[in-house]
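Structure, as structure tokens:
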Amino acid sequence: MSLTMWNVRFSNEHEDVDVIYASHPTMFSLKIYHGGEFSKFPGRQYVNGRHSYIDFLDADEFSVHELDSMMLQLGYDGNRKMYYHFKKPDSDLDVGLMALGSDGDVCKLTSYVPKQRLLDVYIELDKTTVCTYFQSPGGSNVIIQEIEDDGTPDYTRVRSRGSSSTKSSCGKRLELDWFPNHDFNIGNDFDKTISSEHALPTNVDHSMSQGIDSIHEEPDGEDGCDISEDEDNGSEDDDFYVDEEDVLHDVEVDMNDFYVNTNKDLEWIEPKSNLKDVTDEDNENIEILDNEDFDSISEGEEGIDRIRKSKLRALRKKNKEIEAIGSKGTHFSVGQAFYTYKEVKKAINNYAVERRREISLDKNDKNRVKAVCNGTIPNLSFSTSSDPSKGTTVKGKGVKSMSRSCPWVLYVSKWREEDDWVVKTFNDNHTCLQSRKIKACTATYLSNKIVNQIESNPTIPLKALQEDLERKYEIGVSRMKVFRAKTKAYNQVMGDYKIQYELLRDYVLELQSMNEDTTVKIDVEEEPNLSNMETRVFRRIYVCIGSLKKGFKAGKRDLLGLDGCFMKGPYPGQILTAVGVDPNNGIYLVAYGIVEAENLKSWTWFLSCLGDDLDLQRNSNFTFVFDRQKGVIPAIANLFPCAEHRYCLRHIHENMRVNWKANVFKDLLWKCARAYTVPHFNNAMEEIKSLDKDAYEWLKGIPPQHWARSHFLGRAKCDVLLNNMCESLNNQLVKGRDKPIITALEFIREYLMKRISIVQKEIQKCNGPLTPYGTKLMDANKTEAAKCIVAFNGSQKYQVTGHLCEQFVVDMKERSCTCRRWEVTGMPCKHAIATIWDMGKNNEGDGKPENYTDPVYWLDTWKKMYHFKINPINGRNMWPKSLCPTVLITPHHHKQIGRPKKKRKKGVNEGVRITDGEDMVKFGKLSRQGKSVKCSKCNTIGHNSRTCKGKPASVVGGSKKDKKVKKSGGEKKAAGVDKP
């Protein structure tokens, strides 16, 4: 019986395939379900269909085209669209359904053949109700056959990371014969029908989304030796207050692949290639010219020298051919040449580690190197003597160690008249035992081997790296040696902290040469010793890239947020930033700098540099938003006395929570701040006064022009109450704040460069006169404007009545409304929009509220703002050399005791973060999780009475316990019983 042709077997015929294919390991059968459809998820089933069997299939020859032929034999038209799926053995149709549309899918199917001889295949006709072709519940290793086709549509895959999901473009198409020109789109329902008119789902059930194109990361379960960043459930700079009106609309920038190297003496480590050398035996005798081989004989050489060099070249060529045939790794041969001593030493160390031999240098000078093997040689002798000099007896076998008895030796020396190092003597015979403790395997050696691995995964855990090195080289490596090697490799990738201060001036020249009109200022410590003309101590640096400067001015919004965040590492400091708001309510960094600390001098220096770049004068009507940091208020008052100051409301609330923790105070504080008119503000303040007079007096001490919209001026065209623009930027810069100074500056520059490119792509998708954020505000105001009633006074003023008979006056000549929203934000309020519509009905205008919007919300303004791009810069070896006679050195700093902290210091009132609301209920009772404990003895928060060490607080009338003691004592005294 021949087993080379498949056969169709109907459902009523039963065969034991395990018995039939017992002697044929690659043969299998298919149980094909066809003519039906899948039911909805969950509990998915194949209904309204039938099944047939296909026998005598060979796993080595099976393909999707054979399925096409099977469907034709089962009676289906080849012009219909068909979708093939197969079910993984021992799985159900909810999670085990896989695509069967490419060679990769066929390989997955046939991988189950050795253990499972009957596999289930499901067919869908014309349309599909599942998404196996583009989302695999089995994991992220989905192999898709690509087709070169310019008309391929773009698909979107959802990858889950924790609870969030990000989308990535995927321009792939499956090679399916049945629908070569079929298009797919993206939809929103998991069980929605997929066809040329329908969409592919992006929202998948949570139980299945955990395995869909997931990003698998190494856990950070390491101790203090690891240099990776600490994990935190929340953002490291989680200073956001959830408020719908103050949410920033920003884009995501991927900085995971960022790295920069600025080391001057870095040795290039060439990555290993996975491609094998392929030799053509038919052309092995054909001579091929090597244009990069300079090992030729000079015409001036004659006699013995010429003959000797010719023979040496032939010997080296022969040795190379032998090495190519032999095993991989480091090889030595007599006549082998090295250019420098470092190459000789490197080759010896590589040989020692690869062969696991204890190689040491017996002679080592500037003209010769002699390497010998100090491995242990076992001396097996049948002896019964217990004399230690004759070896240790173990069951009649004595084992004796002999020193320096291994015959392996390597002698390399340099010709006196030449510069090459040549192998003169080499004995490759080892009689010793291999060892797991190799002296040549140092931290420096390992760092050169793992530098590519650290470059691709800088946060790899020490334990994983240690296990990988021990498995690769089969030697023992201590944890501290791995830590030192990882640190050195990390410094090679990211740069050294001290060296980067010396190269800072070169970096500045390169940055200014590639980006026109860029301002960079470096401030140094005053040198007390005037005779020192070689070094200067770094203090501060200020950077304002020319394109950012031009873009901010094109945005037409005179508002900047000021903030600082900590630098981490051996030389900590502060990163000061000045961040604006773009027309789409996104962040726009204007200038940044690194200073020694956040104080009056550093802020004054930073703001003076910023004022020079933005042409700000003492009488400039500018608006600054900040968190009342140390020194920033007097610095602004001194440099820009006419500027408007706004305090971040979140930090005001944090200070208020110290004494008034109830949520009612938070709500009333926000009610005061959100009020646009002074009467509404006063009414809200009276509510606080009626609730707590002390809270009213405390809040009254803060001038309302710094935190209430009712007292804001209309110059900035922005009603922002929070400094979220700076906090959002600080959150993006977390991964770059523990880097050396140039690497940290480059992280910021590259983030901004990528962000501008991403925003430009978003701009190209927009249509209309306003930005997406401006359109959203306009639509919300239009909805409310439809409920307003407009009355015209015959001039330029209108009376508008709104909800609950609220009445305001709109002046179209001044473009203002007594509700002050139009004046403060620059966006027509609902009363103004109702007036504009009424004017359009009476032919007094075009009736389009968008034409009365301030330019800060225009789409054209957004385009002009991001028209200016940040140019990339060259690598370290291409930087110009600074002509400054002095060299910058590291700033003054005293190393702190203990391991440097990487998490943000949380505020006093920041409680324990509760991630799951179900944890608050335990055994039917409300948990006290996240609640502070108050001592009943001293009334202090943070401990209870059992652990109290302070004095009892004076309570009027005494506590219950004191009253009880007094009462019992008085009763005893009355009864005439003395207390012992």
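Among the protein heavy atoms of the range 511-580, carbon and sulfur supply 50% of the accessible surface, probe 1.4 Å, non-protein parts ignored.
This model, with +1 at the C-beta of Lys and Arg and -1 at the C-beta of Asp and Glu, gives the range 610-669 a dipole about its Cα centre of some 440 debye. Taking a ≥ b ≥ c as the square roots of the Cα gyration tensor eigenvalues, with a/c under 1.5 meaning rounded and otherwise prolate when a/b beats b/c, else oblate, which class fits the range 615-682? Here the range 615-682 falls in the oblate category.
Would you mind getting the accessible area per residue of the range 637-704, heavy atoms of the protein chains only, 1.4 Å probe, in Å²? Roughly 48 Å² per residue, with all protein chains present. How much of the accessible area of the range 594-741, probe 1.4 Å, is carbon plus sulfur, in whole percent? Carbon with sulfur: 50 percent of the solvent-accessible area. Around the amide H of G495, modelled in the peptide plane, lie the amide H atoms of T262, all under 5 Å away and 5 or more residues distant in sequence or on another chain.
Could you work out Rg/(2.2 N^0.38 Å) for the range 668-754, with Rg from alpha carbons only? Intermediate results must be reported in sequence, preceding the final value.
Details: Rg = 19.4 Å, N = 87, 2.2 N^0.38 = 12.0 Å.
Output field value: 1.61.
For the range 854-870, putting each phi into the Karplus relation 6.51 cos²θ - 1.76 cosθ + 1.60 with θ = phi - 60° gives couplings of 5, x, 5, 9, 6, 5, 5, 5, 4, 5, 5, 5, 9, 6, 8, 10, 8 Hz, in residue order, rounded to whole numbers and with x for Gly and Pro. Applying the Karplus relation 6.51 cos²θ - 1.76 cosθ + 1.60 with θ = phi - 60° to the range 60-72 yields 3J(HN,Hα) values of 7, 10, 6, 8, 5, 5, 5, 4, 4, 5, 5, 5, 5 Hz, where x marks Gly and Pro. How would you classify the range 415-462 from its alpha-carbon gyration tensor, with a ≥ b ≥ c the square roots of the eigenvalues: rounded for a/c under 1.5, else prolate if a/b is greater than b/c, otherwise oblate? Oblate, since a/c reaches 1.5 and b/c is not below a/b. In terms of the Cα gyration tensor, with a ≥ b ≥ c the square roots of its eigenvalues, is the range 477-545 rounded because a/c is under 1.5, prolate because a/b exceeds b/c, or oblate? Taking the square roots of the gyration eigenvalues as a ≥ b ≥ c, the range 477-545 is oblate. Rolling a 1.4 angstrom probe over the range 742-800 with all protein chains present gives an accessible area of which 51% lies on carbon and sulfur atoms.
Applying a DSSP loop filter and a limit of 14 other Cβ atoms within 10 Å to the GluC sites (Glu not before Pro) in the range 33-92 leaves E61.
Mind checking the per residue accessible area of the range 724-833 for me, 1.4 Å probe, whole number of Å²? Let's see the in-between values first.
Values: 4820 Å² over 110 residues.
Per-residue accessible area for the range 724-833 comes out at 44 Å².
Amide H to amide H, with H built 1.01 Å from N, W707 comes under 5 Å of Y647, counting only residues 5 or more places away or on other chains. For the range 533-549, backbone phi angles converted through the Karplus equation (6.51, -1.76, 1.60; θ = phi - 60°) give residue-by-residue couplings of 10, 10, 10, 9, 7, 5, 10, 8, 9, 10, 10, 9, 6, x, 5, 5, 4 Hz, Gly and Pro being listed as x. Amide H contacts for G580 (H built 1.01 Å from N in the peptide plane; partners 5 or more residues away or on another chain; cut-off under 5 Å): G561, Y588, L589, V590.
Which pairs break 21 Å Cα to Cα here: K437/K481; K370/K439; K556/K797; K671/K931; K601/K630; K342/K472? Over 21 Å Cα-Cα: K556/K797; K671/K931; K342/K472.
The values are calculated or read from the model by the stated rules, or taken from the named source; none is laboratory data. Note that the structure is a prediction, hence the values are computed from the model and not measured. With ideal geometry, Cβ positions are generated from the backbone for all residues, glycine too; neighbour counts draw on all protein chains shown. For accessibility, only protein heavy atoms count, side chains too; no ligands or nucleic acids. Shrake-Rupley method; radii C 1.70, N 1.55, O 1.52, S 1.80 Å.
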